[in-house]
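What follows is one structure encoded as C-alpha coordinates, with my remarks underneath.
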Amino acid sequence: MGLNTVIVRRANVETPLILSGLPAYQSAAFYLPIEANPVAGYLQVDATLQSLSGVEGVLRVSIDNVKRAELLLAPGEMRRSFQVQLTPEDIAQERLNVSFSLQGTGPHGPCDTAEGIETSVEIEPSSALYLTLDRPMTTPYDAVLVQGRSLNIAWDYQGQAARILAARDAQLAGLAPSFDETGLSPEQTSEIARHFSQNKAQPRFAWSRSLAPWSPIYDARGFSQSQSWRIKYDMMQGQDMRLPERLELSMMLDRQTGAGPWQVYVLLNGMLVDQIETAGGALTRSVTLPAQQHQRENVLELIATSMNDTTHSCTQQREVFAQVDTATDLIPGPHVYSDGLITVRAALANGWAFSTTHLSASEASIAADLLTNLPRHSQMPSADIHVQALARGARLHDDYNGHIWLIFMNDQGVPVAVPLQDYQAIQTHSVALLVRLGQAAS
(Lines give C-alpha, C1' and ligand atoms only; values in the text may rest on other atoms or scores of the structure.)
Protein backbone atom coordinates (compact mmCIF):
# COMPACT_ATOMS: atom_id res chain seq x y z
CA MET A 1 0.00 0.00 0.00
CA GLY A 2 1.15 3.56 -0.73
CA LEU A 3 1.65 6.43 1.66
CA ASN A 4 -1.81 7.78 0.89
CA THR A 5 -3.74 4.54 1.36
CA VAL A 6 -5.29 3.17 4.53
CA ILE A 7 -7.29 0.18 5.74
CA VAL A 8 -10.41 1.07 7.75
CA ARG A 9 -11.59 -1.60 10.22
CA ARG A 10 -15.22 -1.91 11.26
CA ALA A 11 -16.31 -0.84 14.71
CA ASN A 12 -16.47 -3.66 17.29
CA VAL A 13 -14.33 -5.86 15.07
CA GLU A 14 -13.79 -8.26 17.97
CA THR A 15 -17.52 -9.16 17.92
CA PRO A 16 -18.28 -11.96 15.40
CA LEU A 17 -20.59 -10.98 12.55
CA ILE A 18 -22.64 -14.12 11.85
CA LEU A 19 -25.85 -14.55 9.84
CA SER A 20 -27.85 -17.75 10.39
CA GLY A 21 -30.97 -18.96 8.63
CA LEU A 22 -33.19 -17.44 5.95
CA PRO A 23 -33.69 -14.54 6.15
CA ALA A 24 -30.96 -13.12 8.40
CA TYR A 25 -29.55 -9.64 8.94
CA GLN A 26 -26.40 -8.03 10.38
CA SER A 27 -24.79 -4.62 10.06
CA ALA A 28 -21.40 -2.98 10.47
CA ALA A 29 -20.21 0.61 10.86
CA PHE A 30 -17.01 2.04 9.40
CA TYR A 31 -15.67 5.44 10.51
CA LEU A 32 -13.79 7.32 7.80
CA PRO A 33 -10.85 9.69 8.46
CA ILE A 34 -11.89 13.35 8.51
CA GLU A 35 -8.61 15.28 8.41
CA ALA A 36 -7.05 13.29 5.55
CA ASN A 37 -9.86 13.16 2.99
CA PRO A 38 -10.71 9.93 1.09
CA VAL A 39 -10.77 10.33 -2.70
CA ALA A 40 -11.48 6.72 -3.74
CA GLY A 41 -11.88 3.27 -2.26
CA TYR A 42 -13.65 -0.04 -2.04
CA LEU A 43 -15.18 -2.39 0.52
CA GLN A 44 -13.44 -5.74 0.74
CA VAL A 45 -15.81 -8.49 1.98
CA ASP A 46 -14.28 -11.75 3.21
CA ALA A 47 -16.93 -14.33 4.05
CA THR A 48 -17.14 -17.98 5.05
CA LEU A 49 -20.40 -19.57 3.86
CA GLN A 50 -22.07 -22.89 4.72
CA SER A 51 -25.32 -24.02 3.09
CA LEU A 52 -27.39 -27.18 2.88
CA SER A 53 -28.34 -28.72 -0.43
CA GLY A 54 -31.53 -27.15 -1.69
CA VAL A 55 -30.78 -23.61 -0.53
CA GLU A 56 -31.49 -21.01 -3.18
CA GLY A 57 -30.39 -17.60 -2.02
CA VAL A 58 -27.84 -14.81 -1.91
CA LEU A 59 -25.68 -12.89 0.51
CA ARG A 60 -26.70 -9.29 -0.13
CA VAL A 61 -24.49 -6.29 0.71
CA SER A 62 -26.12 -2.86 1.07
CA ILE A 63 -24.60 0.51 1.88
CA ASP A 64 -26.91 3.02 3.54
CA ASN A 65 -29.85 0.72 2.68
CA VAL A 66 -29.01 0.63 -1.05
CA LYS A 67 -28.24 -2.81 -2.54
CA ARG A 68 -24.68 -2.84 -3.88
CA ALA A 69 -23.70 -6.50 -4.36
CA GLU A 70 -24.98 -10.07 -4.11
CA LEU A 71 -23.14 -13.37 -3.77
CA LEU A 72 -24.93 -16.58 -4.76
CA LEU A 73 -25.14 -19.23 -2.04
CA ALA A 74 -24.00 -22.73 -3.02
CA PRO A 75 -24.20 -26.09 -1.16
CA GLY A 76 -21.30 -26.97 1.10
CA GLU A 77 -18.69 -24.80 2.77
CA MET A 78 -16.70 -22.15 0.96
CA ARG A 79 -14.76 -18.96 1.54
CA ARG A 80 -15.30 -16.06 -0.81
CA SER A 81 -13.82 -12.57 -1.14
CA PHE A 82 -15.19 -9.78 -3.30
CA GLN A 83 -15.00 -6.01 -3.62
CA VAL A 84 -17.67 -3.32 -3.67
CA GLN A 85 -16.54 -0.04 -5.21
CA LEU A 86 -17.40 3.06 -3.18
CA THR A 87 -19.08 6.07 -4.73
CA PRO A 88 -18.16 9.73 -4.09
CA GLU A 89 -21.25 9.95 -1.89
CA ASP A 90 -20.02 6.99 0.17
CA ILE A 91 -16.56 8.40 0.90
CA ALA A 92 -17.90 11.87 1.65
CA GLN A 93 -19.50 10.57 4.85
CA GLU A 94 -18.00 10.39 8.31
CA ARG A 95 -19.60 6.99 8.95
CA LEU A 96 -20.45 4.29 6.44
CA ASN A 97 -23.26 1.89 7.39
CA VAL A 98 -22.97 -1.50 5.71
CA SER A 99 -25.68 -4.13 6.08
CA PHE A 100 -25.47 -7.83 5.24
CA SER A 101 -28.50 -10.05 4.68
CA LEU A 102 -29.29 -13.60 3.64
CA GLN A 103 -32.23 -13.75 1.24
CA GLY A 104 -33.84 -16.77 -0.39
CA THR A 105 -35.49 -20.11 0.30
CA GLY A 106 -34.28 -23.39 1.73
CA PRO A 107 -35.25 -27.07 1.86
CA HIS A 108 -37.25 -26.56 5.10
CA GLY A 109 -40.72 -25.55 3.96
CA PRO A 110 -43.38 -23.83 6.10
CA CYS A 111 -44.95 -27.19 7.07
CA ASP A 112 -41.71 -29.18 7.14
CA THR A 113 -40.87 -30.93 10.42
CA ALA A 114 -37.12 -30.85 9.64
CA GLU A 115 -35.03 -28.73 11.98
CA GLY A 116 -31.63 -27.10 11.75
CA ILE A 117 -30.00 -24.06 10.20
CA GLU A 118 -30.18 -24.14 6.42
CA THR A 119 -27.38 -21.66 5.81
CA SER A 120 -24.93 -19.52 7.77
CA VAL A 121 -22.39 -16.88 6.83
CA GLU A 122 -19.60 -15.33 8.89
CA ILE A 123 -18.28 -11.96 7.79
CA GLU A 124 -14.60 -12.30 8.64
CA PRO A 125 -12.77 -9.66 10.73
CA SER A 126 -10.48 -9.05 7.75
CA SER A 127 -13.38 -7.38 5.90
CA ALA A 128 -12.52 -3.69 5.67
CA LEU A 129 -12.55 -0.49 3.63
CA TYR A 130 -9.50 0.23 1.50
CA LEU A 131 -9.23 3.98 0.92
CA THR A 132 -7.00 6.28 -1.07
CA LEU A 133 -6.49 9.61 0.74
CA ASP A 134 -5.62 13.06 -0.57
CA ARG A 135 -2.59 13.15 1.75
CA PRO A 136 -0.87 10.89 4.28
CA MET A 137 -2.79 10.31 7.49
CA THR A 138 -0.84 11.91 10.35
CA THR A 139 -3.22 12.80 13.19
CA PRO A 140 -3.97 10.45 16.11
CA TYR A 141 -7.67 11.23 15.70
CA ASP A 142 -7.81 9.76 12.20
CA ALA A 143 -5.79 6.77 13.42
CA VAL A 144 -8.46 6.09 16.03
CA LEU A 145 -11.27 6.39 13.46
CA VAL A 146 -9.78 3.95 10.95
CA GLN A 147 -9.32 1.39 13.73
CA GLY A 148 -13.08 1.42 14.32
CA ARG A 149 -12.93 4.15 17.01
CA SER A 150 -10.62 1.94 19.05
CA LEU A 151 -7.23 2.63 20.59
CA ASN A 152 -4.52 0.86 22.59
CA ILE A 153 -3.25 2.15 25.92
CA ALA A 154 0.22 1.13 27.04
CA TRP A 155 0.00 -1.18 30.05
CA ASP A 156 2.56 -1.90 32.75
CA TYR A 157 2.65 -1.99 36.54
CA GLN A 158 3.56 1.69 36.83
CA GLY A 159 0.79 4.26 37.03
CA GLN A 160 -2.04 1.77 36.63
CA ALA A 161 -4.67 4.05 38.17
CA ALA A 162 -3.98 6.79 35.60
CA ARG A 163 -4.21 4.28 32.74
CA ILE A 164 -7.54 2.90 33.96
CA LEU A 165 -8.98 6.40 34.38
CA ALA A 166 -7.84 7.29 30.86
CA ALA A 167 -9.57 4.16 29.52
CA ARG A 168 -12.70 5.23 31.37
CA ASP A 169 -12.54 8.67 29.73
CA ALA A 170 -12.16 7.01 26.32
CA GLN A 171 -15.21 4.82 26.86
CA LEU A 172 -17.30 7.79 27.95
CA ALA A 173 -16.27 9.48 24.68
CA GLY A 174 -17.66 6.55 22.68
CA LEU A 175 -14.29 4.91 21.99
CA ALA A 176 -13.20 1.30 22.52
CA PRO A 177 -9.93 1.24 24.53
CA SER A 178 -7.79 -1.80 25.19
CA PHE A 179 -4.54 -2.34 27.08
CA ASP A 180 -1.39 -3.63 25.43
CA GLU A 181 2.35 -3.66 26.01
CA THR A 182 2.69 -0.85 23.50
CA GLY A 183 0.25 1.98 23.02
CA LEU A 184 -0.68 5.48 24.05
CA SER A 185 0.15 7.10 27.35
CA PRO A 186 -2.67 8.07 29.73
CA GLU A 187 -2.11 11.74 28.80
CA GLN A 188 -2.38 11.01 25.07
CA THR A 189 -5.48 8.87 25.63
CA SER A 190 -7.23 11.57 27.66
CA GLU A 191 -6.43 14.18 25.00
CA ILE A 192 -7.93 12.00 22.28
CA ALA A 193 -10.96 11.31 24.47
CA ARG A 194 -11.50 15.07 24.89
CA HIS A 195 -11.39 15.44 21.11
CA PHE A 196 -14.17 12.86 20.66
CA SER A 197 -16.23 13.81 23.71
CA GLN A 198 -19.83 14.66 22.95
CA ASN A 199 -21.79 16.61 25.51
CA LYS A 200 -25.10 14.96 24.76
CA ALA A 201 -27.83 15.79 27.21
CA GLN A 202 -29.46 12.79 28.83
CA PRO A 203 -33.02 12.29 27.61
CA ARG A 204 -35.80 13.02 30.03
CA PHE A 205 -36.85 9.37 30.32
CA ALA A 206 -34.85 6.18 29.83
CA TRP A 207 -37.12 5.20 26.93
CA SER A 208 -37.17 8.60 25.17
CA ARG A 209 -34.70 7.62 22.45
CA SER A 210 -36.31 4.21 21.84
CA LEU A 211 -39.62 5.96 21.11
CA ALA A 212 -38.19 8.97 19.26
CA PRO A 213 -40.02 9.83 16.00
CA TRP A 214 -37.10 8.51 13.92
CA SER A 215 -36.97 5.13 15.69
CA PRO A 216 -37.04 2.11 13.30
CA ILE A 217 -39.72 0.58 15.53
CA TYR A 218 -42.30 2.58 13.54
CA ASP A 219 -41.38 1.04 10.16
CA ALA A 220 -44.15 -1.01 8.54
CA ARG A 221 -43.26 -4.71 8.40
CA GLY A 222 -44.46 -7.49 6.13
CA PHE A 223 -44.36 -11.12 7.31
CA SER A 224 -46.17 -14.43 6.94
CA GLN A 225 -47.42 -15.11 10.47
CA SER A 226 -45.68 -13.45 13.43
CA GLN A 227 -43.61 -10.34 14.07
CA SER A 228 -42.11 -8.73 17.16
CA TRP A 229 -41.02 -5.21 18.13
CA ARG A 230 -38.72 -4.50 21.08
CA ILE A 231 -38.53 -1.31 23.13
CA LYS A 232 -35.35 -1.39 25.22
CA TYR A 233 -34.55 1.05 28.01
CA ASP A 234 -31.94 1.26 30.74
CA MET A 235 -33.27 3.13 33.76
CA MET A 236 -29.83 4.68 34.36
CA GLN A 237 -30.03 6.47 31.00
CA GLY A 238 -32.75 8.99 31.84
CA GLN A 239 -32.90 12.13 33.95
CA ASP A 240 -36.31 11.24 35.39
CA MET A 241 -36.08 7.92 37.25
CA ARG A 242 -39.83 7.27 37.38
CA LEU A 243 -40.85 3.86 36.07
CA PRO A 244 -43.36 3.65 33.22
CA GLU A 245 -46.77 2.91 34.70
CA ARG A 246 -48.50 1.98 31.45
CA LEU A 247 -48.00 1.51 27.74
CA GLU A 248 -50.29 3.47 25.45
CA LEU A 249 -50.24 1.14 22.47
CA SER A 250 -51.27 2.24 18.99
CA MET A 251 -50.94 -0.14 16.03
CA MET A 252 -52.27 -0.65 12.54
CA LEU A 253 -52.85 -4.30 11.61
CA ASP A 254 -53.56 -5.75 8.18
CA ARG A 255 -57.26 -6.40 7.59
CA GLN A 256 -58.21 -8.31 4.46
CA THR A 257 -61.31 -10.16 3.33
CA GLY A 258 -61.36 -13.67 4.75
CA ALA A 259 -58.43 -13.07 7.05
CA GLY A 260 -58.44 -14.55 10.54
CA PRO A 261 -58.12 -12.56 13.76
CA TRP A 262 -54.91 -11.21 15.28
CA GLN A 263 -53.38 -11.98 18.63
CA VAL A 264 -51.20 -9.21 20.07
CA TYR A 265 -49.05 -9.99 23.11
CA VAL A 266 -47.25 -7.52 25.37
CA LEU A 267 -44.32 -8.85 27.40
CA LEU A 268 -42.15 -7.02 29.93
CA ASN A 269 -38.80 -8.71 30.55
CA GLY A 270 -40.17 -12.02 29.29
CA MET A 271 -43.35 -11.91 31.40
CA LEU A 272 -46.76 -11.66 29.70
CA VAL A 273 -48.63 -8.52 30.84
CA ASP A 274 -51.42 -8.36 28.24
CA GLN A 275 -53.02 -10.34 25.40
CA ILE A 276 -55.31 -8.73 22.84
CA GLU A 277 -57.48 -10.33 20.15
CA THR A 278 -58.54 -8.07 17.29
CA ALA A 279 -59.91 -8.40 13.78
CA GLY A 280 -57.31 -5.97 12.44
CA GLY A 281 -57.29 -2.34 11.47
CA ALA A 282 -56.49 0.33 14.04
CA LEU A 283 -55.69 -0.95 17.54
CA THR A 284 -55.37 1.21 20.65
CA ARG A 285 -54.88 -0.17 24.13
CA SER A 286 -53.71 1.06 27.52
CA VAL A 287 -51.57 -1.66 29.11
CA THR A 288 -50.58 -1.54 32.79
CA LEU A 289 -46.91 -2.31 33.48
CA PRO A 290 -46.29 -3.74 36.98
CA ALA A 291 -43.53 -1.86 38.78
CA GLN A 292 -42.21 -5.08 40.37
CA GLN A 293 -41.42 -6.56 36.96
CA HIS A 294 -39.02 -3.79 36.10
CA GLN A 295 -35.23 -4.15 36.25
CA ARG A 296 -32.40 -1.75 35.51
CA GLU A 297 -32.27 -2.88 31.85
CA ASN A 298 -35.71 -3.61 30.42
CA VAL A 299 -37.18 -5.08 27.25
CA LEU A 300 -40.81 -4.37 26.39
CA GLU A 301 -41.77 -6.70 23.55
CA LEU A 302 -44.80 -6.47 21.28
CA ILE A 303 -45.69 -9.61 19.32
CA ALA A 304 -48.35 -9.62 16.62
CA THR A 305 -49.49 -13.02 15.34
CA SER A 306 -51.80 -13.44 12.38
CA MET A 307 -54.24 -16.31 12.95
CA ASN A 308 -54.70 -17.04 9.24
CA ASP A 309 -55.92 -20.48 8.24
CA THR A 310 -52.75 -22.00 6.79
CA THR A 311 -54.07 -25.57 6.46
CA HIS A 312 -53.91 -25.44 2.67
CA SER A 313 -51.10 -22.93 2.26
CA CYS A 314 -47.92 -24.69 3.34
CA THR A 315 -45.98 -23.31 0.39
CA GLN A 316 -47.92 -20.09 -0.22
CA GLN A 317 -48.57 -18.37 3.09
CA ARG A 318 -50.21 -14.99 2.61
CA GLU A 319 -48.05 -12.02 3.55
CA VAL A 320 -49.57 -9.68 6.13
CA PHE A 321 -48.52 -6.22 7.33
CA ALA A 322 -48.45 -4.48 10.68
CA GLN A 323 -47.08 -1.22 12.02
CA VAL A 324 -46.53 0.40 15.42
CA ASP A 325 -47.78 4.00 15.25
CA THR A 326 -45.86 7.00 16.57
CA ALA A 327 -48.73 7.61 19.02
CA THR A 328 -47.37 4.67 21.05
CA ASP A 329 -45.91 5.97 24.29
CA LEU A 330 -44.81 5.00 27.80
CA ILE A 331 -46.40 6.99 30.60
CA PRO A 332 -44.43 7.45 33.86
CA GLY A 333 -46.11 6.60 37.14
CA PRO A 334 -45.46 7.28 40.83
CA HIS A 335 -42.83 4.58 41.39
CA VAL A 336 -39.18 5.65 41.16
CA TYR A 337 -36.46 3.22 40.17
CA SER A 338 -33.72 2.79 42.73
CA ASP A 339 -30.96 0.30 43.43
CA GLY A 340 -27.59 0.08 45.13
CA LEU A 341 -25.70 1.57 42.21
CA ILE A 342 -27.92 4.67 42.18
CA THR A 343 -27.32 5.04 45.93
CA VAL A 344 -23.56 4.90 45.45
CA ARG A 345 -23.65 7.29 42.48
CA ALA A 346 -25.50 9.87 44.54
CA ALA A 347 -23.02 9.49 47.41
CA LEU A 348 -20.10 10.04 45.01
CA ALA A 349 -21.48 13.25 43.52
CA ASN A 350 -18.82 15.33 45.30
CA GLY A 351 -15.97 13.32 43.79
CA TRP A 352 -13.81 10.34 44.56
CA ALA A 353 -10.18 9.26 44.66
CA PHE A 354 -9.02 6.12 42.90
CA SER A 355 -6.27 3.62 43.61
CA THR A 356 -5.20 0.19 42.43
CA THR A 357 -2.28 -2.19 42.63
CA HIS A 358 -0.93 -4.97 40.37
CA LEU A 359 -3.82 -5.65 38.02
CA SER A 360 -3.54 -7.55 34.78
CA ALA A 361 -4.59 -5.86 31.55
CA SER A 362 -7.84 -7.85 31.40
CA GLU A 363 -8.69 -6.95 35.01
CA ALA A 364 -7.97 -3.30 34.25
CA SER A 365 -10.43 -3.41 31.33
CA ILE A 366 -13.19 -4.63 33.64
CA ALA A 367 -12.34 -1.92 36.17
CA ALA A 368 -12.59 0.77 33.48
CA ASP A 369 -16.01 -0.61 32.44
CA LEU A 370 -17.25 -0.42 36.01
CA LEU A 371 -15.98 3.14 36.50
CA THR A 372 -18.04 4.42 33.54
CA ASN A 373 -21.14 3.98 35.72
CA LEU A 374 -19.94 6.54 38.27
CA PRO A 375 -19.72 10.35 38.25
CA ARG A 376 -16.43 11.81 37.16
CA HIS A 377 -13.66 11.90 39.73
CA SER A 378 -12.69 15.14 41.48
CA GLN A 379 -9.58 16.85 42.75
CA MET A 380 -11.30 17.22 46.14
CA PRO A 381 -12.67 13.74 46.76
CA SER A 382 -14.94 12.72 49.59
CA ALA A 383 -14.76 8.98 48.93
CA ASP A 384 -12.18 6.35 48.08
CA ILE A 385 -12.44 3.69 45.36
CA HIS A 386 -10.03 0.78 45.14
CA VAL A 387 -10.00 -2.03 42.56
CA GLN A 388 -10.20 -5.47 44.14
CA ALA A 389 -9.15 -8.52 42.09
CA LEU A 390 -11.50 -11.09 43.61
CA ALA A 391 -10.53 -13.92 41.27
CA ARG A 392 -7.15 -14.15 42.99
CA GLY A 393 -8.68 -15.32 46.21
CA ALA A 394 -8.51 -11.92 47.91
CA ARG A 395 -10.42 -11.82 51.19
CA LEU A 396 -12.74 -8.95 51.97
CA HIS A 397 -12.80 -7.56 55.49
CA ASP A 398 -15.14 -4.92 56.78
CA ASP A 399 -12.34 -3.34 58.78
CA TYR A 400 -12.53 0.13 57.25
CA ASN A 401 -13.94 3.30 58.72
CA GLY A 402 -17.04 4.34 56.83
CA HIS A 403 -19.70 2.63 54.71
CA ILE A 404 -18.26 0.06 52.28
CA TRP A 405 -19.88 -0.99 48.99
CA LEU A 406 -18.81 -3.41 46.26
CA ILE A 407 -19.55 -2.71 42.59
CA PHE A 408 -19.21 -5.60 40.14
CA MET A 409 -20.77 -7.14 37.03
CA ASN A 410 -23.50 -9.65 37.76
CA ASP A 411 -24.00 -12.86 35.80
CA GLN A 412 -25.96 -10.95 33.13
CA GLY A 413 -23.12 -8.47 32.62
CA VAL A 414 -24.99 -5.63 34.36
CA PRO A 415 -23.11 -3.53 36.95
CA VAL A 416 -24.57 -3.78 40.45
CA ALA A 417 -23.64 -2.41 43.87
CA VAL A 418 -24.16 -4.13 47.22
CA PRO A 419 -23.05 -3.28 50.77
CA LEU A 420 -19.95 -5.24 51.68
CA GLN A 421 -21.74 -7.08 54.49
CA ASP A 422 -24.35 -8.34 51.99
CA TYR A 423 -21.82 -9.73 49.52
CA GLN A 424 -21.87 -13.52 49.40
CA ALA A 425 -18.48 -15.21 49.19
CA ILE A 426 -19.98 -17.72 46.76
CA GLN A 427 -20.43 -14.85 44.29
CA THR A 428 -17.01 -15.14 42.71
CA HIS A 429 -16.40 -12.28 40.32
CA SER A 430 -13.09 -11.38 38.75
CA VAL A 431 -12.97 -7.69 39.61
CA ALA A 432 -14.90 -5.38 41.90
CA LEU A 433 -14.68 -1.76 42.94
CA LEU A 434 -14.36 -1.37 46.70
CA VAL A 435 -16.05 1.95 47.51
CA ARG A 436 -15.43 3.54 50.87
CA LEU A 437 -17.90 6.36 51.41
CA GLY A 438 -17.33 9.31 53.67
CA GLN A 439 -13.56 9.05 53.71
CA ALA A 440 -11.13 9.99 50.97
CA ALA A 441 -7.97 8.11 50.29
CA SER A 442 -5.12 9.21 52.48
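Observations on the model:
- The stretch 261-302 and the stretch 29-97: distance between their alpha carbon centers, rounded to Å: 37 Å
- In terms of its C-alpha gyration tensor, the chain comes out oblate, because a/c is 1.5 or above while a/b does not outweigh b/c.
- Solvent-accessible area per residue, Å², over the stretch 89-207 with all protein chains present [probe radius 1.4 Å]: 49 Å²
- With all protein chains kept in place, the per residue accessible area of the stretch 315-373 amounts to 46 square angstrom at a probe of 1.4 angstrom.
- Accessible-area composition of the chain, carbon plus sulfur, in percent [1.4 Å probe]: 48 percent
- Accessible area of the stretch 1-73 divided out per residue, in Å², using a probe of 1.4 angstrom: 49 Å²
- Extension gain (nm, one decimal) between A291 and I303, 0.36 nm per residue minus Cα-Cα: 2.2 nm
- Relative contact order %, the chain, counting alpha carbon pairs below 8 Å whose residues are six or more apart: 13 percent
- By the helix-only formula, in which each DSSP H run with n ≥ 4 contributes -39500 (n - 2.57) and the sum is divided by residues, the chain has a 222 nm mean residue ellipticity of -3500 deg cm²/dmol.
- A probe of 1.4 angstrom, applied to the heavy atoms of all protein chains, finds R221 with accessible area near 70 square angstrom.
- Distance-filtered residues of the stretch 182-225 - backbone nitrogen under 13 Å, label point 7 angstrom along V66 Cα→Cβ: none
- Most mobile of A364, A24, A173 in a GNM of the chain (Cα contacts under 10 Å): A24
- Neighbour-limited loop hits for chymotrypsin sites (Phe, Trp or Tyr not before Pro), the stretch 210-240 (at most 14 other Cβ within 10 Å; DSSP other than H, G, I, E, B): W214
The values are calculated or read from the model by the stated rules, or taken from the named source; none is laboratory data. Treat the numbers as computed from the prediction; the structure is a model and nothing was measured. A quick note on method: Cβ atoms are made from the backbone with ideal geometry, for glycine too, and the neighbour counts reach across all protein chains shown. Just so you know, the surface numbers come from the protein's heavy atoms only, side chains and all, with ligands and any DNA or RNA stripped out. Shrake-Rupley method; radii C 1.70, N 1.55, O 1.52, S 1.80 Å.
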